[in-house]
1. For segment C:65-82, how many residues are under 23 Å from E:ALA58 (Cα atoms) and buried (at least 24 other Cβ atoms within 10 Å of the Cβ)?
2. Among B:ASP38, B:ASP75, which is the only one that is more than 7 Å from every other protein chain (Cβ to nearest Cβ), at pLDDT 95 or above and farther than 16 Å from A:LYS18 by Cβ?
3. Can you say whether D:THR13 is β-branched (Val, Ile, Thr) and surrounded by 15 or more Cβ atoms within 10 Å (Cβ to Cβ), as far as the supplied structure shows?
4. Considering only segment C:73-99, how many residues are more than 13 Å from the chain's Cα centre (by Cα), among the small types (Gly, Ala, Ser) and assigned to a strand (DSSP E or B)?
5. Has segment D:60-72 got at least one residue that is within 13 Å of the chain's Cα centre (by Cα), closer than 23 Å to A:TRP85 by Cα, aliphatic (A, V, I, L, M) and facing chain E (nearest Cβ under 9 Å)?
6. Of A:TRP85, A:TRP96, which residue is hydrophobic (A, V, I, L, M, F, W, C) and surrounded by fewer than 15 Cβ atoms within 10 Å (Cβ to Cβ)?
7. Residues of segment C:28-64 being open to solvent by 10 Å² or more (accessible area, probe 1.4 Å) and part of a loop (DSSP other than H, G, I, E, B), which ones?
8. In segment D:10-27, how many are among the charged types (D, E, K, R) and either at the interface with another protein chain (Cβ under 8 Å from one of its Cβ atoms) or assigned to a strand (DSSP E or B) (or both)?
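The values are calculated or read from the model by the stated rules, or taken from the named source; none is laboratory data. Model, not experiment: these values are computed from the prediction. With ideal geometry, Cβ positions are generated from the backbone for all residues, glycine too; neighbour counts draw on all protein chains shown. Ligands, DNA and RNA are excluded from the accessible area calculation, which covers all protein heavy atoms including side chains. Shrake-Rupley method; radii C 1.70, N 1.55, O 1.52, S 1.80 Å.
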Amino acid sequence: MLIAKVVGSVVATQKDEKLANTKLLVCQIHNHNNEAQDSYVIAVDSVGAGTGDMVLYAAGSSARQTNITKDRPCDAVIMAIVDSWDMDGTDVFKKWSEA
Amino acid sequence: MLIAKVVGSVVATQKDEKLANTKLLVCQIHNHNNEAQDSYVIAVDSVGAGTGDMVLYAAGSSARQTNITKDRPCDAVIMAIVDSWDMDGTDVFKKWSEA
Amino acid sequence: MLIAKVVGSVVATQKDEKLANTKLLVCQIHNHNNEAQDSYVIAVDSVGAGTGDMVLYAAGSSARQTNITKDRPCDAVIMAIVDSWDMDGTDVFKKWSEA
Amino acid sequence: MLIAKVVGSVVATQKDEKLANTKLLVCQIHNHNNEAQDSYVIAVDSVGAGTGDMVLYAAGSSARQTNITKDRPCDAVIMAIVDSWDMDGTDVFKKWSEA
Amino acid sequence: MLIAKVVGSVVATQKDEKLANTKLLVCQIHNHNNEAQDSYVIAVDSVGAGTGDMVLYAAGSSARQTNITKDRPCDAVIMAIVDSWDMDGTDVFKKWSEA
């Protein structure tokens, strides 16, 4: 999994029928020091994520292991909203201290 | 998934029999700011996309989850035509304002 | 899928038994403007490709969806020989005009 | 598989139900000369790894082949703690000589 | 598949039980001109490869298609030892002329 920040959403009315009722979010990838990277992924949301959330996404066939994405043509899924992470015992990101 | 622009198509008469009657499109990958990248993918169309359309494609085994690509040697499928996307509440791309 | 040019072949007598009788081709990857890239893949041939042919290959689990590669430890398969492709209506490559 | 060093952990209370009770570790990727690289992965632990351990992780669908990760939306798993490795007969890393 | 040279091995006593009795080899990736690249993979051996051998490895789910790696958390397998390869009819590598 990689860490990403939800920065937007995609509207697509003409899509594979299996993707009806899925939420497609624009996710900017961050590195482990919480620096935004010049890469992104469009992921299906399975956990109620919204703009501004730091999330984890899983890619490839693993992206189809949630109830929402099972058997769908989806190669990236947000499967967790990140509360915090640390490196060597020091917090890199804490959701609640950011407000 | 990644965002791409359909820029052309591939003709291939000699191909795996399971790929008969599929449309192979040349897709130039765009980033989340809608800038064309120096990378591409040849994807099977499952949604009626054509040249000039902004699309989403799924890669890997997820590319075989549409009715058109099931059990075929296809590692990329166009599974949505993009109407619009935003970043931080601002539209980056709108299909209908481009005409 | 990506576009590649077949530039050679690999001989490997000591290999997994499931790979007996497969043809392993050296494929140099091209971009959508038909420029040779500094990357390659060794792919199993499923369509009778030979040196000099422009081909499409599929990677990952999709590479095991041909009759020749089913259930084999193969992560790349040539599944089409390219006749031509265009970008924005202009031919980038035509097989028959190259002779 | 790639070699990585466990450098931290992720807390995520809101996540896919299949990921309950999994340990999510921040892994910095190292190269074969044991130099830290500017890339990372968040992996589920299946072997009792902790901060400071050098580990191997498997990615993609292979990350779901442990008892802990089976059928879960997880695309990276730590499946071994590295004791040592050598290159051309010379030890590059030895766990026990580092203390 | 990619070409790699076996340059060492990994010792890992604490690992997923499904990986017992597998040989983990450090493989430096080469390009099609037989130049060593600054990238590597740790692969399970399925063909009796040893240090110094030029090999092919398969990645992803295809790495689990050998009898040795079936259903194991392994994302790279050595599935062939390379005897030789050519480009445009000229040998790039020949095992037996290197001694």
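1. Number satisfying all stated conditions: 11.
2. That would be B:ASP38, the only listed residue that is more than 7 Å from every other protein chain (Cβ to nearest Cβ), at pLDDT 95 or above and farther than 16 Å from A:LYS18 by Cβ.
3. no
4. So the answer is 1.
5. Yes, segment D:60-72 contains at least one residue that is within 13 Å of the chain's Cα centre (by Cα), closer than 23 Å to A:TRP85 by Cα, aliphatic (A, V, I, L, M) and facing chain E (nearest Cβ under 9 Å).
6. After ruling out the rest, the residue left standing is A:TRP96.
7. C:ASN31, C:ASN33, C:ASN34, C:GLU35, C:SER46, C:VAL47, C:GLY48, C:GLY50, C:THR51, C:GLY52, C:ASP53
8. Looking only at that region, the number is 3.
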